[in-house]
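In what follows, a single structure is set out as structure tokens and then discussed.
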Amino acid sequence: MNSTANPVLRLRFPIWRSRLLLAILLGWMLVLVARAVYLQGLHNDFLQQKGESRYSRVVEISAHRGRITDRHGEPLAISTAVESVWASPADFDASADQLKRLARLLGVEVDDITRRVADQEREFAYLRRQLPPEQAARVVELDIPGVFLQREYRRFYPAGEVTAHLIGVTNIDDKGQEGLELAYQDELVGKPGSRRVIKDRLGRIVEDVQSIRAPQQGRDLALSIDLRIQYTAYRELKRALEEHRAKAGGIVVLDARTGEVLAMANLPAYNPNSRGRIDPQRSRNRALIDLFEPGSTLKPFTIAAALEAGRVRPDTIIATGSGLTVGHKTIRDVHPGGDLTVAQVIQKSSNVGAAKIALGLPAQAMWEIFARSGFGRVPESGFPGEGSGRLRPYQKWKPIEQATMAYGHGISVSLLQLARAYTIFADDGELKPVTLLKRRQPQAGVQVISASTARAVRAMLELAVQPGGTAPRAQVAGYRVAGKTGTAHKLDHGRYAPNKYVSSFVGFAPASDPRIIIAVMIDEPTGQYYGGAVAAPVFHEVAAATLRALSVAPDAPTMNVKLPPADAPVVKEDVWVAHDETGPRG
């Protein structure tokens, strides 16, 4: 057929249309070439990232939490390597038998695993945290696609409940929750690192490519605690609570020269290695947080204030036999002692004598000694939540309050506060700063009373542990001991409970050159409740062991202990605050 005869074949398109189409095609090809050159030659990060995302991963490397040790390097808190089992829901593929065996190894229900991997859009799901390595190895042997291990660290406390209240605990993410673990979280925690790895399609690491950031391990923490003394303090406190069927108790051992806490124990206790629910009543550090009325352990401070003011001397006679009436309240001693010297007021623990001495002082002078001794403010040990106690402004004191405060009622303290305050008698009037961390050298304290006043009170406190005093059971063979008992009614709903007591004793040794201060508190003992019978024997046992552990030279003959005869009357403390002449005591 002649092409000219077909009208379609005879059509002629403008030449510019074909050239335009050719230009568009060539332009598009140039754009593609330029884009390819740009992506593959000049800017290949995007494609590289997309490619690597198929096989390359950045894996976090856990940092090792710093150790906590005692002053001699004995471990109190260490981190051990454990494995956490996790799954990639999109890759998880387990048979029914594998699923049952996995649940059995992890100690969970099959439904729990199924629920965790149900969301296919999630890339990560924990199946079980912190398994021992040998148990985690058996999980790997199941060879379940999409199940992996992640190295973590778990805190372990070698001393268990003996140091639990002081050290505290961490949570499952290795963050401090209680005690010194919380207080020094920033120092103890490390900074995790990271590394780049190559994984296969099942998520298994097949090659370690490079380290991106090395982990920074946490800083170790050396405490002032001496683990030998800590064990002794805990053991003797526990024995006392069992013997007297007490509700709770605490003990603090201080280095009198440096203010370092050598031991601090509390009961009831708990096991910090058990990750179950911890009872707040057991986890509370009572020696630092709980407050109580110190009773007669406060009398030495009243006497010190009077000596400093020049109102009395150690041999000044105080008439105590007839008691003391202040307003409508009367203060009496259990065993009226008649005329007593100021030294005997301490020895016999006379409430009447202490109250009369206090009322002979300006309220401000008495308050200043108490405040400068650390009462009413936190001891700044660095422990979280430490109590400040209660010391009311002297401007608000009534005469009866000043009188009863002289023997430790109407004021509240913590056990550490009380132990620290006694450093003014042990160290010639200087109040030492306390610490829970090991010190390289002693720090200067604050001069509260004169050295002569401190020595005078120290001599009185020696009388209190001799026969005729309230605490002969505090004596230690080969060492001179000084100390003071305390017995106080507990406050219950704003009133003093008639049958609930706090028994205490604070003392130091050797009295000639004090090296240690020990404060003991027993809460609600049953039966016998006087501080000299309940708390003083704990001091005796702990002091004897501590002095030996520190190799402190004796300052008395080995046979220096002089106990009163078995039939001798017990020198008791009057634990009553005050009472109306016509009403009940309370």
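Report those helices (runs of 4 or more DSSP H) wholly inside region 295-364 carrying at least 3 residues which are within 36 Å of the chain's Cα centre (by Cα) and closer than 29 Å to Q447 by Cβ. Walk me through how you get there before you give the answer.
Working: elements: 299-309, 342-348, 351-359.
The qualifying helices (runs of 4 or more DSSP H) are 299-309.
For the condition acidic (D, E), farther than 22 Å from Y184 by Cβ and modelled with pLDDT of 95 or more, E401 does not qualify. Can you go through G259, G276, G310 and tell me which one is crowded, with 23+ Cβ neighbours inside 10 Å and of a type outside the set (S, T, N, Q)? From the options G259, G276, G310, the qualifying one is G259. Per this entry, G376 is not counted among residues that are more than 25 Å from L223 (Cα to Cα), assigned to a loop (DSSP other than H, G, I, E, B), open to solvent by 10 Å² or more (accessible area, probe 1.4 Å) and touching a Ser or Thr at 6+ places or on another chain (Cβ under 6 Å).
Give me the residue from region 542-581 that is more than 23 Å from S350 (Cβ to Cβ) and at pLDDT below 85 and, out of that set, most open to solvent (accessible area, probe 1.4 Å). Checked region 542-581; the qualifying residue most open to solvent (accessible area, probe 1.4 Å) is D567.
Among the residues making up region 129-169, a single one is among the polar types (S, T, N, Q), closer than 21 Å to I278 by Cβ and in contact with a helix residue (DSSP H, G or I) (Cβ under 9 Å, 6 or more places away or on another chain): T163.
With respect to the conditions (1) surrounded by 13 or more Cβ atoms within 10 Å (Cβ to Cβ); (2) touching a Lys or Arg at 6+ places or on another chain (Cβ under 9 Å); (3) in contact (Cβ under 8 Å) with a residue 12 or more places away in the chain, G107 lacks only one, and its number is (1).
Does T341 meet the test of being under 24 Å from G310 (Cβ atoms), among the β-branched types (V, I, T), touching a residue at least 24 places away in the same chain (Cβ under 8 Å) and open to solvent by 20 Å² or more (accessible area, probe 1.4 Å)? Considered against the rule, which asks whether it is under 24 Å from G310 (Cβ atoms), among the β-branched types (V, I, T), touching a residue at least 24 places away in the same chain (Cβ under 8 Å) and open to solvent by 20 Å² or more (accessible area, probe 1.4 Å), T341 comes out as yes. Only one entry of A77, A103, A96 meets the criterion of being of a type in the set (A, V, I, L, M, F, W, C), out of contact with any helix residue (DSSP H, G or I) (no Cβ under 6 Å at 6 or more places or on another chain) and at pLDDT 85 or above, and that entry is A96. Applying a threshold of 6 Å to beta carbon distances and a minimum spacing of six or more residues, or different chains, the list of pairs starting in region 64-75 at a residue that is within 17 Å of T435 (Cα to Cα) and ending at one that is open to solvent by 50 Å² or more (accessible area, probe 1.4 Å) and not in a strand (DSSP E or B) reads R71/K438.
Scanning region 153-176 for residues that are touching a Ser or Thr at 6+ places or on another chain (Cβ under 6 Å) and either in a helix (DSSP H, G or I) or surrounded by fewer than 22 Cβ atoms within 10 Å (Cβ to Cβ) (or both) yields a total of 3. Just give me the residues in region 379-390 being closer than 18 Å to G445 by Cβ, of a type in the set (G, A, S) and open to solvent by less than 20 Å² (accessible area, probe 1.4 Å), in sequence order. Of everything in region 379-390, just one residue is closer than 18 Å to G445 by Cβ, of a type in the set (G, A, S) and open to solvent by less than 20 Å² (accessible area, probe 1.4 Å), namely S381. Does at least one position in region 61-83 carry a residue that is of a type outside the set (D, E), open to solvent by 60 Å² or more (accessible area, probe 1.4 Å) and farther than 30 Å from A164 by Cα? Checking region 61-83: not a single residue is of a type outside the set (D, E), open to solvent by 60 Å² or more (accessible area, probe 1.4 Å) and farther than 30 Å from A164 by Cα.
Here E380 fulfils each of the conditions (1) under 28 Å from T435 (Cα atoms); (2) modelled with pLDDT of 95 or more apart from (2). Of all the residues in region 224-250, those that are under 21 Å from R439 (Cα atoms), among the aliphatic types (A, V, I, L, M) and not in a helix (DSSP H, G or I) number 1.
Checked against the criteria, Q210 does not count as modelled with pLDDT of 60 or more and either within 36 Å of the chain's Cα centre (by Cα) or surrounded by fewer than 18 Cβ atoms within 10 Å (Cβ to Cβ) (or both). Please count how many residues of region 322-338 are open to solvent by 20 Å² or more (accessible area, probe 1.4 Å), within 13 Å of I400 (Cβ to Cβ) and polar (S, T, N, Q). Residues meeting the conditions: 1. May I ask you to verify whether F148 is loosely packed, with under 13 Cβ neighbours inside 10 Å and at pLDDT below 85? Spelling it out, it is not the case that F148 is loosely packed, with under 13 Cβ neighbours inside 10 Å and at pLDDT below 85. Listed by first and then second residue, the pairs linking a residue in region 432-443 that is closer than 17 Å to L166 by Cβ to a residue that is assigned to a loop (DSSP other than H, G, I, E, B) and among the acidic types (D, E), with Cβ atoms under 9 Å apart and 6 or more places separating them unless they lie on different chains, are V434/E380; T435/E380; K438/D70.
The values are calculated or read from the model by the stated rules, or taken from the named source; none is laboratory data. Since the model is a prediction, treat every value here as computed from it, not as a measurement. So basically every Cβ, Gly included, is an ideal-geometry build from the backbone, and we count neighbours across all protein chains shown. Ligands, DNA and RNA are stripped out before the accessible areas are found, and what is left, the full protein with its side chains, is counted by its heavy atoms. Shrake-Rupley method; radii C 1.70, N 1.55, O 1.52, S 1.80 Å.
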